[in-house]
Amino acid sequence: MKCTFCGGKIADGTGKLVVEKTGKLLSFCSSKCEKNMLKLKRKPLTTAWTAAAKAARKERK
Ligand SMILES: [Zn+2]
């Protein structure tokens with residue numbers, strides 16, 4: 001399973017699953033990722049340390 005926010009791998013039996021009101025499943029590898037997405041409302045694409053942002057930076061080069 002992959003972290004919804006940072007894109008990192010989550011080992012079986014670890015991490016946290018959150019179900020949004022809309023029924024969307026969010027999986028987080030750490031409370032850091034959970035906080036960034038749910039509390040700080042950051043987007044993976046605009047948060048430097050996520051896989052999504054790294055991939056976006058690569059494409060631009
Ligand atoms: Zn994560």
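Report whether or not Gly23 is within 12 Å of the ligand (Cβ to nearest atom), of a type outside the set (D, E, K, R) and either loosely packed, with under 10 Cβ neighbours inside 10 Å or without any contact (Cβ under 8 Å) to a residue 60 or more places away in the chain (or both). Criteria not met by Gly23. The residue pairs whose first member lies in the range 40-58 and is surrounded by 12 or more Cβ atoms within 10 Å (Cβ to Cβ), whose second member is polar (S, T, N, Q), and whose beta carbons are closer than 8 Å, counting only pairs six or more residues apart or on different chains, are Arg42/Asn36; Pro44/Thr4; Pro44/Thr50; Thr47/Asn36; Ala53/Thr46; Ala53/Thr47.
Considered as a group, the residues in the range 1-10 that are hydrophobic (A, V, I, L, M, F, W, C) and near the ligand (Cβ under 8 Å from one of its atoms) include one that is surrounded by the fewest Cβ atoms within 10 Å (Cβ to Cβ), and that residue is Ile10. Within the range 30-39, take every residue that is out of contact with any strand residue (DSSP E or B) (no Cβ under 6 Å at 6 or more places or on another chain) and of a type in the set (D, E, K, R) and give me the one that is surrounded by the fewest Cβ atoms within 10 Å (Cβ to Cβ). Only one residue fits best here, namely Lys39. Can you find even one residue in the range 32-44 that is at pLDDT below 95 and assigned to a loop (DSSP other than H, G, I, E, B)? No: zero hits. The numbered conditions (1) part of a loop (DSSP other than H, G, I, E, B); (2) surrounded by 10 or more Cβ atoms within 10 Å (Cβ to Cβ) are all true for Gly13 except (2). Exactly one residue among Ala48, Ala52 is among the aliphatic types (A, V, I, L, M) and in contact with a Pro (Cβ under 7 Å, 6 or more places away or on another chain), and that residue is Ala52.
The values are calculated or read from the model by the stated rules, or taken from the named source; none is laboratory data. Small disclaimer: the values here were computed from a predicted structure and weren't measured. When we count neighbours, we look across all protein chains shown, and the Cβ atoms used for this are built from the backbone with ideal geometry, even at glycine.
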